[in-house]
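Step one of this worksheet: look at the structure below.
The values are calculated or read from the model by the stated rules, or taken from the named source; none is laboratory data. None of the values given here were measured: they were computed from a predicted structure. Cβ coordinates were reconstructed from backbone atoms using ideal geometry, including for glycine residues, and neighbour counts include every protein chain displayed.
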Amino acid sequence: MKNISLKIDDGIFSDTEKILSKIKKSRNRYINEAIAYYNSYQKRRFLEQKLKAESEMVKNDSLKILKEFEDIDYAD
């Protein structure tokens, strides 16, 4: 494990302490779980952006191929 120094806004710290007193979890464990959750969220956002970009790249080709298939159907 790595040690870090962390500055937290007063309001966030106060809210966190209130929650911790109710759920009986250590501050360290709570912060680790929060960071893990946020990391997972960010990874999903990066994947979403990547998929959108890749989808845009193939969109025009897909439409072109679809048009070609439609033209073949009407040629008969």
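The table below gives the values:
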read-out: Search result, residues across the stretch 31-76 that are surrounded by 10 or more Cβ atoms within 10 Å (Cβ to Cβ), small (G, A, S) and more than 30 Å from N3 (Cβ to Cβ); value: S55, S62
read-out: N28 of a type outside the set (G, A, S), surrounded by 10 or more Cβ atoms within 10 Å (Cβ to Cβ) and either touching a Lys or Arg at 6+ places or on another chain (Cβ under 8 Å) or closer than 24 Å to M1 by Cβ (or both); value: no
read-out: Qualifying positions in the stretch 24-71 - among the β-branched types (V, I, T) and modelled with pLDDT of 95 or more; value: I31, I35
read-out: Of the criteria (1) exposed (fewer than 10 other Cβ atoms within 10 Å of the Cβ); (2) at pLDDT 95 or above, which one D15 fails; value: (1)
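Residues checked against (1) free of Cβ contacts under 8 Å to residues at least 24 places away in the same chain; (2) outside any helix (DSSP H, G or I); (3) hydroxyl-bearing (S, T, Y):
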residue	(1), (2), (3)
I4	yes, yes, no
G11	yes, no, no
S14	yes, no, yes
I35	yes, no, no
R45	yes, no, no
N60	yes, no, no
K67	yes, no, no
